[in-house]
Every structure is written in structure tokens, then in C-alpha cells.
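Here is the structure we will look at.
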């Protein structure tokens with residue numbers, strides 16, 4: 001697959017993940033260099049996320065797990081709603097956060113639940 005094809009596939013997936021999310025320049029989506037953006041769309045979303053060894057929903061859940069373990073709240077605000085957009089049930093995110101608490105620590109789980117409730121209120125299910 002050409003870089004241009006990867007870029008197009010990556011942009012399409014990124015749009016699906018971020019659908020309905022605000023585009024706020026002051027947020028974690030602040031401007032990045034053009035080359036970094038290109039790598040993100042072509043390689044990360046256009047190649048890595050498109051591999052056939054794992055379904056995209058599982059990749060999303062894995063990504064969310066890593067972001068919880070690393071306490072990356074800004075990126076959780078992007079990927080938790082993205083998981084929802086890809087069809088990951090809220091219950092799976094809650095279970096993942098609870099499980100991660102036992103390996104990554106209670107404070108990161110508490111933070112992740114706070115972010116999850118902020119971006120995906122339980123009453124919206």
C-alpha cells in the first residue's frame with residue numbers, strides 16, 4: 001500500500017475515532033509539526049491501526065489501557081470517546097480501568113474514571 005493510501009485510510013479512521021469531539025486548539029490536539037502529523041496519519045492510524053492481527057475495537061481498548069496505566073488524561077479524553085465511536089461498550093472500559101488499578105495503581109484508575117465520566121457520562125448509555 002502506498003503512503004498516500006495509508007494516509008487516506010489513517011485520516012478516515014482518525015475521523016471516526018474523533019467524531020463528535022470538539023476541535024479546541026488549546027486542548028491536547030494543539031498544533032504539531034507537519035511531519036509528525038503525517039507520521040501519525042500514515043504510520044500510526046494508516047498502518048499500525050489497520051493491521052489484520054487485531055480488530056480495531058481491541059486496538060482501541062488496548063490504547064485506552066496504556067493511556068490509563070501511563071496516566072495520560074489528555075489522551076484519554078480523545079480515546080475514551082473514540083472507543084465509544086468504534087463500538088467498545090462503556091462496561092468494557094470500566095472493567096479495564098478496574099483491572100488496570102491492580103497493576104498500574106489506584107490513583108491512575110481514579111483519574112481515569114473521572115475522565116471517563118467527564119467524556120462519557122454513565123447516564124448516556
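Structure above, values below:
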quantity	calculated
Inter-residue pairs, beta-carbon under 6 Å, first modelled with pLDDT under 95 and in region 101-125, second surrounded by 11 or more Cβ atoms within 10 Å (Cβ to Cβ), 6+ apart	125/90
Set 108, 115, 88: member being in contact with a helix residue (DSSP H, G or I) (Cβ under 8 Å, 6 or more places away or on another chain), assigned to a loop (DSSP other than H, G, I, E, B) and assigned by TED's automatic domain parsing to the domain that holds residue 58	88
Pairs where the first residue, in region 74-99, is farther than 15 Å from residue 63 by Cβ and the second is surrounded by fewer than 16 Cβ atoms within 10 Å (Cβ to Cβ) and at pLDDT below 95, C-beta under 8 Å, 6+ apart	90/122; 90/125
Members of region 62-73 found to be assigned to a helix (DSSP H, G or I) and either under 18 Å from residue 21 (Cβ atoms) or without any contact (Cβ under 8 Å) to a residue 12 or more places away in the chain (or both), listed by number	62, 63, 64, 66, 67, 73
Breaking point among (1) in contact (Cβ under 8 Å) with a residue 60 or more places away in the chain; (2) surrounded by fewer than 18 Cβ atoms within 10 Å (Cβ to Cβ), for residue 17	(2)
Failed condition for residue 1, given (1) more than 22 Å from residue 123 (Cβ to Cβ); (2) surrounded by fewer than 15 Cβ atoms within 10 Å (Cβ to Cβ); (3) touching a helix residue (DSSP H, G or I) at 6+ places or on another chain (Cβ under 6 Å)	(3)
Residues being farther than 23 Å from residue 19 by Cβ and crowded, with 16+ Cβ neighbours inside 10 Å - total across region 80-112	6
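The values are calculated or read from the model by the stated rules, or taken from the named source; none is laboratory data. All values derive from a computational prediction rather than experimental measurement. Every residue, glycine as well, gets a Cβ built from its backbone with ideal geometry; the counts of neighbours run over all protein chains shown.
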